[in-house]
Amino acid sequence: MAKVLVFIDNPGQALKKSSLELLTIARTLGETAVAVNGTLNDDVAGAFGSHGAAAIFRPSSDDLDAYLVGPKAAFLAGAVAASGATTVLLENSFDGKEIAARLGIKLGAGVITDVVAVDPDGTAHKSVLAGSYTTTAKATTAVCVLTVKPNSVTPEPAGAAASPEVLTVDVPESASAGAARITGRTDKPASGRPDLTEARIVVAGGRGVDGDFGPVEELADALGAAVGASRAATDAGWIGHDAQVGQTGKTVSPQLYISAGISGAIQQKAGMQTAKVIVAVNKDAESPVFEIADFGIIGDLFQVLPQATEEIKKRKG
């Protein structure tokens, strides 16, 4: 049976939905193992077992986070050798794609990014041209490295839980020699809202908010939703870049996506067009967003959103 290695970087207290998605995909490809950097608690280890991981590989060094991605790629290369994996799955994040590239160089492996599905034979389906097309690709190398976009599959536990063995992978000191060291970090203030990439409801604002995200945030809080934004809004400094949805931002696939004051250009569509229901609010009746919206409201978001928020609060009350 083919062997698959899933890389999980700093899982925290509980596994993210995107990590569970990787484990779900891995089981369809072969025997699953996990390479974990960061703290591994009992809940996370149990989640690995319930999702079919037969082994957990840990780095011998506990300071990989003191550097940029180079040492993590070295650890992952060692885990590939120890596990005998022929397929490696990572998140399609900025760090994930850089680690994948470095790993591909170390192993002489084919690397495929922006993957949205993987067939049992290893054929990857890749989203290209801002999500306008899906292509297929398959590496011909001994090892294949895939970075998978979030919200690509529905996470499902294995039929029978495993009791994974925890093994240590040696990370040579040379891996950090000359690597860029991180000298400081600033924690992002907790908003109390769900993670953007995993939220069931997203309320996003664009150029039309004109610097005032108040109505967007109030509606999001009434719905228990995450707050997103277009690139125009983040570039203007109205909200942090971590809220950007689109081709150069995050990909979301919520049950409900509310677009407020966003034109719906192709770059934005690439990050949200797989939402189950799309509601668009825009003053411009010719805005491209209405072409993909399930429901459209032609109106001023500063009038429409507060009314919706008030009505939702009434019904909840």
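Starting with the highest mean, order 253-265, 46-58 by the number of other Cβ atoms within 10 Å, averaged over the residues of each peptide.
253-265, 46-58
Tell me, in nm to one decimal, what length is gained between Met1 and Asp242 on full extension, where the rule is 0.36 nm per residue of separation less the Cα-Cα distance?
Length gained, Met1 through Asp242: 82.8 nm.
Let me have the 222 nm mean residue ellipticity of the chain computed from DSSP H runs of 4+ only, each contributing -39500 (n - 2.57), with the sum over all residues rounded to the nearest 500.
Counting only the DSSP helices, I get -8500 deg cm²/dmol.
Could you work out the relative contact order of region 94-238, using alpha carbon pairs under 8 angstrom and six or more residues apart, expressed as a whole percent?
That works out to 16 percent.
Taking region 154-196, how much of its Cα-Cα pair set, in percent, is spaced more than 12 angstrom apart?
The share of Cα pairs beyond 12 Å in region 154-196 comes to 83 percent.
Mind giving me the nanometre distance, one decimal, between the label points for Lys106 and Ala161, set 7 Å out from Cα along Cα→Cβ?
It works out to 3.2 nm between the two label points.
Suppose R0 equals 35 Å; then what is the FRET efficiency for Arg185 and Thr154 from their Cβ-Cβ distance, rounded to the nearest 0.05?
Plugging the Cβ-Cβ distance into 1/(1 + (r/R0)^6) gives 0.60.
Antiparallel DSSP bridges in the chain: what percent, to the nearest 5?
For the chain, the DSSP antiparallel bridge percentage is about 15.
Give the residues of region 224-266 whose amide nitrogen is closer than 18 Å to a point set 7 Å from the Cα of Val128 in the direction of its Cβ.
Answer for this model: 247-248.
How many Å³ per residue does the convex hull of the Cα positions in region 65-134 occupy?
So the per-residue Cα hull volume is 97 Å³.
Can you give the local net charge around Glu198? Use residues other than it whose beta-carbon is closer than 9 angstrom to its beta-carbon, Lys and Arg +1, Asp and Glu -1.
It works out to a net charge of +2.
Quick one: work out the % antiparallel among DSSP beta bridges in region 196-316, nearest 5.
Antiparallel bridges: around 0 percent, rounded to the nearest 5.
Pull out the extension gain between Asp119 and Lys314, defined as 0.36 nm times the separation in residues minus the alpha carbon to alpha carbon distance; nm, one decimal.
Value of the extension gain: 65.5 nm.
Taking Lys250 as the anchor, which aspartates and glutamates have their alpha carbon closer than 15 Å to its alpha carbon, excluding any fewer than eight residues away along the same chain?
In chain and number order, the partners are Glu91, Asp95, Asp114, Asp195, Glu198, Asp235, Asp242.
Output the pairs from Lys188/Lys283; Lys17/Lys138; Lys126/Lys316 with a Cα-Cα distance over 31 Å in this structure; if there are none, say none.
Lys188/Lys283; Lys126/Lys316
Counting Lys and Arg as +1 and Asp and Glu as -1, what is the net charge of the other residues whose Cβ lies under 11 Å from the Cβ of Leu76?
Summing Lys/Arg as +1 and Asp/Glu as -1 gives +2.
Please report the base-10 log of the normalised intensity I(q)/I(0) for the chain, using a Debye sum with one equal scatterer per alpha carbon and no solvent, at each q in 0.11, 0.15 (1/Å).
-0.74, -1.17
Going by a ≥ b ≥ c, the root eigenvalues of the Cα gyration tensor, does region 162-241 fall in the rounded group (a/c under 1.5), the prolate group (a/b larger than b/c) or the oblate group? Display every interim value, and only then the final one.
Details: a/c = 3.58, a/b = 1.81, b/c = 1.98.
Because a/c hits 1.5 or more and a/b fails to exceed b/c, region 162-241 counts as oblate.
What are the semi-axes of the equivalent ellipsoid for region 246-317, taken as the square roots of 5 times the Cα gyration tensor eigenvalues, largest first, in whole Å?
Result for region 246-317: semi-axes of 22, 15, 10 Å.
How large is the Rg to Rh ratio of region 196-316 when both quantities use alpha carbon positions and Rh follows Kirkwood?
In region 196-316, Rg relative to Rh is 0.92.
Based only on Cα atoms, what Rg/Rh ratio does region 3-175 have, Rh being taken as Kirkwood's radius?
Using only Cα positions, Rg/Rh for region 3-175 is 0.94.
Taken together, the values in this text are just the output of simple stated rules run on the coordinates, not laboratory data. This is a predicted model, so every value here is computed, not measured. Cβ: placed from backbone, ideal geometry, glycine included. Neighbour counts: every protein chain shown.
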